[in-house]
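The values are calculated or read from the model by the stated rules, or taken from the named source; none is laboratory data. If you're wondering where the values come from, they're calculated on a predicted model, not measured in any experiment. Glycine gets a Cβ as well: all are built from the backbone with ideal geometry, and neighbour counts include every protein chain shown. To get the accessible areas, we keep the full protein, side chains included, count just its heavy atoms, and leave off ligands, DNA and RNA. Shrake-Rupley method; radii C 1.70, N 1.55, O 1.52, S 1.80 Å.
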Amino acid sequence: MNAPKFKPDDMRQRILDEIERQGRSQADVVEKARLGHGYLTNILKRGQMPSVDKLHALCDELGVSVAWVMYGVEMPADFDRVFDLMQRDPKKFYAVLALLE
């Protein structure tokens, strides 16, 4: 089985689709996720990549996993621990990735 590939445009579309599916405004989502007013616009329209902590906050607010937003697949519940490690200690995260290759 091939690992899913990260495609930024697909990530942006999944975020937008989920906001629309929930019938919410982008302003409502960023306010409740405690993100800056233009942050989501920068991601969706200007191609900015979200930081790990802000992507996590956005996903929490939308009630979706980071893995689903990034790759379009659901992962086991503890998979988000990988993203926590990436944020806390990038060197350890990259060491784990190297071991997996």
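Of all residues in the stretch 67-85 being in a helix (DSSP H, G or I), of a type outside the set (A, V, I, L, M) and modelled with pLDDT of 70 or more, which is surrounded by the fewest Cβ atoms within 10 Å (Cβ to Cβ)?
Top of the filtered list is ARG81.
Which condition number in (1) surrounded by 11 or more Cβ atoms within 10 Å (Cβ to Cβ); (2) under 19 Å from GLN87 (Cα atoms) is the one that PHE6 fails?
(1) is the only condition that PHE6 fails.
Which of the residues spanning the stretch 31-45 are open to solvent by 70 Å² or more (accessible area, probe 1.4 Å) and either at negative phi or touching a Phe, Trp or Tyr at 6+ places or on another chain (Cβ under 6 Å) (or both)?
Of everything in the stretch 31-45, those that are open to solvent by 70 Å² or more (accessible area, probe 1.4 Å) and either at negative phi or touching a Phe, Trp or Tyr at 6+ places or on another chain (Cβ under 6 Å) (or both) turn out to be GLU31, LYS32, HIS37, LYS45.
Please indicate, with yes or no, whether at least one residue in the stretch 46-65 is of a type in the set (Ser, Thr, Tyr), at pLDDT 90 or above, out of contact with any strand residue (DSSP E or B) (no Cβ under 6 Å at 6 or more places or on another chain) and open to solvent by 30 Å² or more (accessible area, probe 1.4 Å).
no
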